[in-house]
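The values are calculated or read from the model by the stated rules, or taken from the named source; none is laboratory data. Remember, it's a predicted structure, so these values are computed and weren't measured experimentally. Quick reminder, even Gly has a Cβ in these numbers, built from the backbone with ideal geometry, and neighbours come from all protein chains shown.
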Amino acid sequence: MQNILLQQGMDLMIYGMGTVLVFLTLLVIATVIMSRFVTRFFPDPIVAEPLRSAPQAGRDVALDPAIRSAIEKAIELHRARR
């Protein structure tokens, strides 16, 4: 009697885990297919941004003194936490 009950429990467990495995596999496949469909037929529009001249290395960029002091204070607080 005990062996039959244990066998039925194992069968139910394997059936349930197999069902979940099949469902998750199908879900992953469906997600990949939908992702490819969307990227193929609805690509992101390419927006041309105006070129900005980047500040050169070693050159001080003029900052508002209030912003500069806020940045320095934030750096001090960050280093104090370590």
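Within the range 38-61, which residues are in a loop (DSSP other than H, G, I, E, B) and at pLDDT 75 or above?
Across the range 38-61, the qualifying residues are F42, P43, D44, P45, I46, V47, A48, E49.
Can you find even one residue in the range 15-37 that is assigned to a helix (DSSP H, G or I), more than 31 Å from the chain's Cα centre (by Cα), of a type outside the set (D, E, K, R) and modelled with pLDDT of 95 or more?
yes
Output the qualifying pairs, or none if there are none: Cβ atoms under 9 angstrom, residues six or more apart or on different chains, first residue in the range 62-77 and assigned to a helix (DSSP H, G or I), second residue hydrophobic (A, V, I, L, M, F, W, C) and surrounded by 10 or more Cβ atoms within 10 Å (Cβ to Cβ).
Every condition considered, the pairs that remain are I71/L63.
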